[in-house]
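Notes to accompany the following structure.
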């Protein structure tokens, strides 16, 4: 029998659907993803995406780079080392909880 209280140890930062989607996408793209691509892939509004990106940045899970491509501004997001480490731990705990629920 698994410990049902383990669910309370899941990171609240990652456990929100939009932030889980952001981290999942960024974790697979080491070179980073620009804001426009995140919008296209995740189908969130600009404001909603910006809010969730800010929360992840405040937690030191994302690095933000601003620059220009020609005359067009571009903001790119990459997962930090601590973001990658903590997200991997979150996923491992989530997998453990799911595996325990399947056993019962």
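The values are calculated or read from the model by the stated rules, or taken from the named source; none is laboratory data. Keep in mind the model is a prediction, meaning the values are calculated, not measured. As a convention, Cβ positions derive from the backbone with ideal geometry for all residues, glycine included, and neighbour counts pool all protein chains shown.
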Quiz item: Could you count how many residues in segment 43-61 are in contact (Cβ under 8 Å) with a residue 24 or more places away in the chain and assigned to a helix (DSSP H, G or I)?
Solution: 6
Self-check item: Subset of segment 88-104 [farther than 29 Å from residue 34 by Cβ and either part of a loop (DSSP other than H, G, I, E, B) or under 14 Å from the mean Cα position of the chain (by Cα) (or both)]
Solution: 104
Quiz item: surrounded by 13 or more Cβ atoms within 10 Å (Cβ to Cβ) and either under 25 Å from residue 99 (Cβ atoms) or out of contact with any helix residue (DSSP H, G or I) (no Cβ under 8 Å at 6 or more places or on another chain) (or both), is that true of residue 45?
Solution: no
Quiz item: Among the numbered criteria (1) surrounded by 13 or more Cβ atoms within 10 Å (Cβ to Cβ); (2) in a loop (DSSP other than H, G, I, E, B); (3) at pLDDT 95 or above, which single criterion is violated by residue 2?
Solution: (3)
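Per-residue answers, yes or no, for (1) under 11 Å from the mean Cα position of the chain (by Cα); (2) exposed (fewer than 12 other Cβ atoms within 10 Å of the Cβ); (3) free of Cβ contacts under 8 Å to residues at least 60 places away in the same chain:
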{"residue": "25", "(1), (2), (3)": "yes, no, yes"}
{"residue": "31", "(1), (2), (3)": "no, yes, yes"}
{"residue": "37", "(1), (2), (3)": "no, no, yes"}
{"residue": "41", "(1), (2), (3)": "no, no, yes"}
{"residue": "70", "(1), (2), (3)": "no, yes, yes"}
{"residue": "76", "(1), (2), (3)": "no, no, yes"}
{"residue": "86", "(1), (2), (3)": "yes, no, no"}
Self-check item: Evaluation of residue 92 against (1) surrounded by fewer than 16 Cβ atoms within 10 Å (Cβ to Cβ); (2) touching a strand residue (DSSP E or B) at 6+ places or on another chain (Cβ under 7 Å); (3) closer than 18 Å to residue 28 by Cα (one fails), failing number
Solution: (2)
